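Have a look at the structure below, then the notes.
The values are calculated or read from the model by the stated rules, or taken from the named source; none is laboratory data. Just so it is clear, the structure is predicted and the values come from calculations on it, not from any experiment. For neighbour counting, all protein chains shown are included, and Cβ atoms are generated from backbone atoms with ideal geometry for every residue, glycine included. Side chains are part of the model used for accessible areas, which takes the heavy atoms of the whole protein and leaves out ligands, DNA and RNA. Shrake-Rupley method; radii C 1.70, N 1.55, O 1.52, S 1.80 Å.
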Amino acid sequence: MHVVGVIAEYNPFHQGHAYQLRAIRERFHDDVAIVAVMSGSFTQRGEAAVLDKWRRADLAVRGGCQLVLELPFLFACRSAQDFARGGVRLLQGLGCVDTLAFGAESPDLAPLMEAARAIDAPKTQAALHEALRAGASYAKALTAILQEASGLAADLLRQPNNILAIEYLRALRGYAPGIEPLLIVRRGAGYHEASLGPLASASAIRGELAKAQPDFTSLKDSLPEATYAAIRAAFPAEIASTERLFRPLLARLLTMKNSELEAIFGLQEGLANRLLAKIRQSQTLQELIAGMVTSRYPASRISRIVPHLLLGTGERAAREAAETGPLYARVLAFDEVGRELLHAIKERGTLPLITKISAALNSRERLEGDLTPLQAMLVFDTRATELRALALPDHAPLAALHQTDFITSPHFIRNIPDT
């Protein structure tokens, strides 16, 4: 059986994701197993996931995946480069993945591969570092340099899924040259388009769910039946909103010294002082993020600071994670074929599988410290789960508020109908 890896957020799992999985099956004539590496409680842009990670993994399996593993927080809530490297290195560590499938706006893999090669050229890297020292943003500097170095169109380099695809290709070249890339052209609305419909973007769906009275009729067209049912059941009490973390952020800042604040990952280069100045002028998290944005620091980078600050992510923890890559494969959900995959991973993989957190880390060890590198990485995942609970409404069910990694088991899904 051919094993295809996918790196995703599924926030939430929508029709575009279902289309991608169907396209993979058509490519390999159903003789395929799909393993997804998925963000956990927080996404790449620093947002609390609208549904908890087990429910999202469950929906991904019902939508066509056979196995869903969690991308550790220290990679999930990072730049596109770190997100891609973390996902690729985790897939490589499974020892059984043949292909990485990803979506992109570009219909052709060749220019994306050319961009991936050009980025890593010494001349490009030298020019990029010089531009960053001069105060340019990473994205704008890289786009300009790649245009000159490779002749690629600026529009191609600005598309969010193309950018991530280029980072996947870079990560494959560096960490998993035996895994083949498979480009699946993105269909439907663009990443930032707000309109709903059969192939609406995840951001449009989340925007609708943020309203007091969402248009559930339109949402029904944008979501597979299982996702729609899960969201209707969860709304509004179990739908997370990162905005609700504004007051916890204020409380956190009240107790921090400047030296502690400057040690948080992402708060270097004067951003700590800017944060303290702007938070005094802000009444909401949205206002704070907008106030901190500059030409050098886009909203996505500023947004990522929030969960890192609340969880106490230090520069050292982020640096060590980048050096080692993921140290485990955490199981969130699987079906019967996924169970066979787990057996193959145990035999051929280089990463330990975690199905029960308490076998690797208990709550007492988490409090006392003196942790192994694996445990230290896992601590962030468990705390991120509990931090997401603070982003739930005040009337959230007690079970949702106190759902933790220590008491929640992977979901085993039986007898899934054809999708």
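Here are the numbers for the structure shown:
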quantity	calculated
Spacing of the two label points (7 Å from each Cα toward its C-beta) at LEU254 and GLU323, in nm	3.8 nm
Kirkwood-Stokes translational diffusion coefficient of region 254-317, alpha-carbon pairs, 20 °C, 1.002 mPa s, µm²/s	181 µm²/s
Kirkwood hydrodynamic radius of region 24-148, Cα pairs, Å	16.9 Å
Pairwise label distance in nanometres, ARG22 with ARG296, each label 7 Å out on the Cα-Cβ vector	4.8 nm
Heavy-atom SASA rank of LYS53, LYS123, LYS220, LYS278 (probe 1.4 Å, accessible area, largest first)	LYS123, LYS220, LYS278, LYS53
Percent of beta bridges antiparallel (DSSP, the chain, rounded to nearest 5)	20 percent
Reference-scaled alpha-carbon Rg (2.2 N^0.38 Å with N residues) for region 337-380	1.40
Extent along principal axes [Cα atoms of region 282-419; Å; largest to smallest]	51, 37, 34
21 Å Cα cut-off, lysine pairs counted over the chain (separation 8 or more, or different chains)	5
Area of ILE239 that stays accessible when all protein chains are in place (1.4 Å probe, Å², to 10)	10 Å²
Ratio of the Cα radius of gyration of region 1-75 to 2.2 N^0.38 Å, where N counts its residues	1.07
Which of ARG187, ARG252 is most accessible, then next, and so on - probe 1.4 Å	ARG187, ARG252
P(r) weight above 37 Å for the chain, C-alpha pairs, percent	19 percent
Per-residue [θ]222 nm for the chain (sum of -39500 (n - 2.57) over DSSP H runs n ≥ 4, rounded to 500)	-15000 deg cm²/dmol
ARG158/ARG414 FRET efficiency (R0 41 Å; Cβ-Cβ; nearest 0.05)	0.40
Residue order for MET113, MET256, MET1 - accessible surface, 1.4 angstrom probe, largest first	MET1, MET113, MET256
Value in Å of the Kirkwood radius, where region 185-279 supplies the Cα pairs that are averaged	16.3 Å
Normalised per residue, the volume of the convex hull around the Cα set of region 130-236 (Å³)	175 Å³
Solvent-free Debye scattering, log10 I(q)/I(0), computed from the Cα coordinates of region 34-103 at q = 0.13, 0.16, 0.29 Å⁻¹	-0.35, -0.54, -1.37
Kyte-Doolittle mean at least 0.5 and Cα axial length at least 15 Å: DSSP H helices in the chain	109-119, 299-311
Accessible area expressed per residue, the chain, with surrounding protein chains retained (probe 1.4 Å, Å²)	45 Å²
Computed log₁₀ I(q)/I(0) - Debye formula, equal Cα scatterers, no solvent, region 208-334, q 0.19, 0.21, 0.22 Å⁻¹	-1.07, -1.14, -1.19
